[in-house]
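J.: The structure under discussion is supplied below as structure tokens; questions concerning it will follow.
The values are calculated or read from the model by the stated rules, or taken from the named source; none is laboratory data. Quick caveat, the model's predicted, so the values are computed rather than measured. Counting neighbours? That spans all protein chains shown, and the Cβs are built from the backbone with ideal geometry, glycine included.
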Amino acid sequence: MKNTPEDKIKTAQKKQHRPTQDKGNNAEGVEDPHSDFFLPDLCKVQSVFFLLIVTELVALLFTLAHPSNELLNWNYLGLISLFGHWAVLTSAALLCIARPALAKLSINMAATIAFVIIIAITIVYSLIADHFLRPKSEGSVDTLFLLRNIVISAIIGGITLRYFYLQQQWKNQRQAELQARLEALQARIRPHFLFNSMNTIASLISSNPDMAEEAVLDLSELFRATLNNKKMLIPLREELELCKRYLHIEGLRLGGRMTVDWKLSNYDGAALIPPLSLQPLVENAIYHGIQPRTEGGAITIESYRKNNTVYILISNPFDNRVSDSHKKGNKIALDNIRRRFEAIFSQQAVMKTSQIDGIFTVTLRFPVH
């Protein structure tokens, strides 16, 4: 039995109020809940490797400054490296464990506690080193050795914590600028998208009211997905689903003049991509490739992953006799999308166009984010 218009509207309203599942730990990977905290995650391999390299360089610097008859006293370098690596790695482990608790405190309090942890670890290892390396006949603890290590640790630890803080401030500023830039670029797309979709629906109202109603429901689903999404990146499968809805709207208008060939057998649906980045390309393929042709044509959408790189190709027939205004509109849309990819992926993203044997192809290449 055919659904009435009221049934279709109720169905759409139910979809709009249907709770969505949390995908934070799925498509986009496990996000750091304390990513805005100045202290980095010192449990990561990259952080540990960075600390080891810096510690070894500091040990080498102290060895070169140490009075010796040789250019490089290897025994002294070994002892300094051993002491430094143990102190640094232990401090990193404790700060990694304490990081969730420190992130809940103020910046000054968290930095003070982190600084105290570094000094405490230095004192502990200084006492251990003094106990095992100094002759027993010399008596109690070497106070000068202990104080020297505390001062050195305080200076290096303070500089390191300050570096982490400034790096996080720079990262936050860069993130805010990038977010504003992407929102401005995305805001240019949405009105154009709505305008063309409404034109499609308007053309169907008089000729086929049922199809027009179906297109309105699809359009509401499209805008629910786009307006509720405040993320800079979404899974590729979601962007392709949005393209399928848009193509369904256009298919109602164009009928048999448009066919779509999906080649997604080897694509990575979890790969992250800026929202509303493929839909304008599909829209261009229709308005500059299919619509001007009386016989219509086919749009090919292909995506695959090769190593750590995602490739997306969108092809459509192209007539060289297309008007200059169409060419200009196509160029503006392509430049907009190119700037969005460059803003996120920098020089790692490539967008190029080609025209061979009457087929216009847009190729996107970007790393798995």
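J.: Report yes if Ser81 is of a type in the set (Ser, Thr, Tyr), modelled with pLDDT under 90 and not in a helix (DSSP H, G or I), otherwise no.
T.: No.
J.: Which numbered condition in (1) in contact with a Ser or Thr (Cβ under 6 Å, 6 or more places away or on another chain); (2) free of Cβ contacts under 8 Å to residues at least 40 places away in the same chain; (3) surrounded by 17 or more Cβ atoms within 10 Å (Cβ to Cβ) is the only one that Ser153 fails?
T.: With (1) in contact with a Ser or Thr (Cβ under 6 Å, 6 or more places away or on another chain); (2) free of Cβ contacts under 8 Å to residues at least 40 places away in the same chain; (3) surrounded by 17 or more Cβ atoms within 10 Å (Cβ to Cβ) applied to Ser153, the lone miss is (2).
J.: From Arg174, Arg148, Arg162, which residue is more than 21 Å from His66 (Cα to Cα) and modelled with pLDDT of 85 or more?
T.: Arg162
J.: Among the numbered criteria (1) crowded, with 21+ Cβ neighbours inside 10 Å; (2) closer than 18 Å to Ala349 by Cβ, which one does Ile301 miss?
T.: Unmet condition: (2).
J.: If you don't mind, there's one more thing I want to ask. Of these, Glu241, Glu250, which one is acidic (Asp, Glu) and touching a helix residue (DSSP H, G or I) at 6+ places or on another chain (Cβ under 6 Å)?
T.: Of Glu241, Glu250, the one residue that is acidic (Asp, Glu) and touching a helix residue (DSSP H, G or I) at 6+ places or on another chain (Cβ under 6 Å) is Glu250.
J.: Can I ask one more? Say whether the condition of being buried (at least 16 other Cβ atoms within 10 Å of the Cβ), farther than 26 Å from Ile344 by Cα and touching an Asp or Glu at 6+ places or on another chain (Cβ under 6 Å) is met by at least one residue in the range 252-273.
T.: Looking for residues that are buried (at least 16 other Cβ atoms within 10 Å of the Cβ), farther than 26 Å from Ile344 by Cα and touching an Asp or Glu at 6+ places or on another chain (Cβ under 6 Å), one finds none in the range 252-273, hence no.
J.: Could you run through the range 222-232 and say how many residues are at pLDDT 70 or above and crowded, with 18+ Cβ neighbours inside 10 Å?
T.: Here the count works out to 2.
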